[in-house]
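Worksheet: the structure to be examined is printed underneath.
No lab work stands behind these numbers, since they all come straight from the coordinates. Here the structure is a predicted model, which is why all the values come from computation and not from measurement. Methodologically, a virtual Cβ is constructed for each residue, glycine included, from the backbone with ideal geometry; neighbour enumeration extends over all protein chains shown.
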Amino acid sequence: MYEKKAVISNDKDWVMIWLYAVIAVIGLICIFSVEHKADDDFLKSMIAFKKNYSKQFFYLIACFVLATFILLMDSKFFTATPNLLYVLGVLLMVSTFVVGKTVNGSRSWIPLGFMNLQPVETCKIFTSLALAKYLSRPETDFTKTKSQLLASGICFLPIIFSLLQNETGLALVYFTFLLPMYREGFPPVYLVLGASLGVLLVVSLLFPTLQLVIALTIIALIFFYFLRRKIKRDKGILIVIFLCWSLSTCFVGLAVPFIFKHVFQKYQADRIFSLVGRDNPFIEHDSTTSLVSTTAKLNKGDNENYNVKQSKIAIGSGGVFGKGFMKGTQTQGDFVPEQHTDFIFTSLGESFGFVGCTILMLLYLGLLLRIVFIAERQRSTFSRVYAYSVAAIIFFHVAINICMTIGLAPVIGITLPLMSYGGSSLFTFTILIFILIRLDADRQMVLR
């Protein structure tokens, strides 16, 4: 019997493919605009594989080949291997402590010669597949606490290794897996609790710890006063008030200082507090240290804010329509640090202005909406969970990266998907997106 072979054009979501291609090409153009100089030999620099834009160009070609390979694969491969791939990803993260390379204070890179592999980045793929595999099992009852804890363990285990590698920013990405879990029935009370602790963390940036503890105590007493009659009938209300007060005060008084002293690196904590105009209160300084710190700030121009200040100057100078391709004074003059990676958005803002930034944002919005649309048309729980995982990861990266460049979020080393320079980042998002496209092509099947 004649059996039809796999053809790329059949049932593939070409809207997703074109959105991917357009954003990736825009990223390559932006990297080229910040690094190429008028007196550079274009052909020589491209062949030499020494310029970042030439490396990104070849990475992009490799990604197109990889994407084609993924589209020709059997989708059942992705349902058969998630557990093995997840273990491989964790082992790669562990291996960085032995063979890892330190870059910008983070020992999270494995040198491969032609590029550096960052396992904490690629492990997002394996975690997405492993979570989808676990939640799609017939025996998984996600209404039970045991299943919820196991799913949370799958998602949050990489966070431990990421923190040990001083990759705090990428560790935060793994919290986005709460979205697909919520879609599959994760109790909202946990999300409310997490959001409440997040609000407390932000408030802790604005006010001293002692003032917050006093304020929380006053709030608890106010609740006790107005609910005193109900408390007489139901002692459970008093227990809830006491538990909320205890959890809040312990979080503010113990957890927050621990986070800023031992989880965030000093420069990261300093950048976070600089957003609200405060010095880091959790670092002790003697008089000599304070004098040296003050002198350093005067000499370096307040280093914690330097990246963001230059970024905002570059984006603001672009105006409505931008200064034009390769005509940006800030980006061409290398005033913005890491402008080809974490701050690639500044290149777009200065060269193409508000219009260019708006077009890119609409492309990302279109990509996210398309992923959600694809997720909701799946018959398979596996494909749906995986799709929401991809959407959550991309949304977090886009939102935090752009907020970083305009001063609304601390600089924590989050790349802009498909735009920022880097083989690990580009390959990771390419694989994430094209596995989803491949699974969607078989959406009529029930994959587990």
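Values as computed for the structure displayed
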| read-out | value |
| --- | --- |
| Cβ-derived FRET efficiency at R0 41 Å, Leu191 paired with Lys266, nearest 0.05 | 0.85 |
| Estimated 222 nm signal from helices in the chain, with DSSP H stretches of n ≥ 4 weighted -39500 (n - 2.57), rounded to 500 | -22000 deg cm²/dmol |
| Per-peptide average of other Cβ atoms within 10 Å, ordering 382-392, 169-179, 428-438 highest first | 382-392, 428-438, 169-179 |
| Square roots of 5 times each gyration tensor eigenvalue, C-alpha, the range 385-435, largest first, Å | 21, 14, 7 |
| Cβ-based charge dipole, the chain, positive-most Cα from Ala24, Val103, Cys244 | Cys244 |
| Efficiency of FRET between Lys230 and Asn116 - r from beta-carbon atoms, R0 60 angstrom, step 0.05 | 0.50 |
| Lys101 long-range amide H proximity, modeled H, under 5 Å | Ser108, Trp109, Ile110 |
| Residue among Leu164, Ser54, Val256 farthest towards the positive dipole end of the chain, charges placed on Cβ | Val256 |
